[in-house]
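The values are calculated or read from the model by the stated rules, or taken from the named source; none is laboratory data. Every value quoted in this text rests on a predicted model; they were computed, and no experiment measured them. Ideal geometry is used to build each Cβ from the backbone, glycine not excepted, and the neighbour counts take in all protein chains shown. These accessible areas exclude ligands, DNA and RNA; they are computed on the full protein's heavy atoms, side chains included. Shrake-Rupley method; radii C 1.70, N 1.55, O 1.52, S 1.80 Å.
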Amino acid sequence: MVMGEKPNPCDQTFLQKHVAFFDRNQDGIVYPWETFQGYYLFIYLLINFPFNFLACLWFRAIGAGIPLSTSAALLINLALSQKTRPGKFPSPLLPIEVKNIQRAKHGSDTGVYDSQGRFVSSKFEEIFSKHARTHPNALTSDELREMLRANRVPKDYLGW
């Protein structure tokens, strides 16, 4: 992709498409202010269309708003920016490059996305078969917390 050229969603992996949700201007780079806007929009969608997202009960339980969106934007971009950027030098603007997001995959995850960023449907179904006890196709905040604990890899502190 040439600089300034908009990414083609048909050529993106599922993980890239997931991250591209936060790329508000669709330039292939997600800055903290775009993460904030996307996160805030994500919370808005959770509240107004709660059955469309896996984590709806958890986000409602923690009362996401401007403070959480701000914190999440800074932490997410801080954790992922350097891993997705080419070269050795970090950028003070903390950009996340959508095309390289698979480089930021961590060990303490669900395995729903493989190392290439492809969606693994069996792992997605496994989340519900293992952890959804209250509702068969949704997780409560306690069930989500349990799932996160169960997926922890020792010493993968950023992934926790």
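Selection of the range 120-160 for residues being among the β-branched types (V, I, T) and not in a loop (DSSP other than H, G, I, E, B) yields only I127. Filtering the range 82-109 to residues that are over 19 Å from F14 (Cα atoms) and either in contact with a strand residue (DSSP E or B) (Cβ under 7 Å, 6 or more places away or on another chain) or of a type outside the set (S, T, N, Q) (or both) leaves R85, P86, G87, K88, F89, P90, P92, L93, L94, P95. In the range 91-110, the residues that are in contact (Cβ under 8 Å) with a residue 12 or more places away in the chain form Cβ pairs under 7 Å with partners that are in a loop (DSSP other than H, G, I, E, B) and open to solvent by less than 20 Å² (accessible area, probe 1.4 Å), at six or more places apart or across chains, as follows: E97/G28; V98/D23; V98/G28; K99/G28; I101/G117; Q102/G117.
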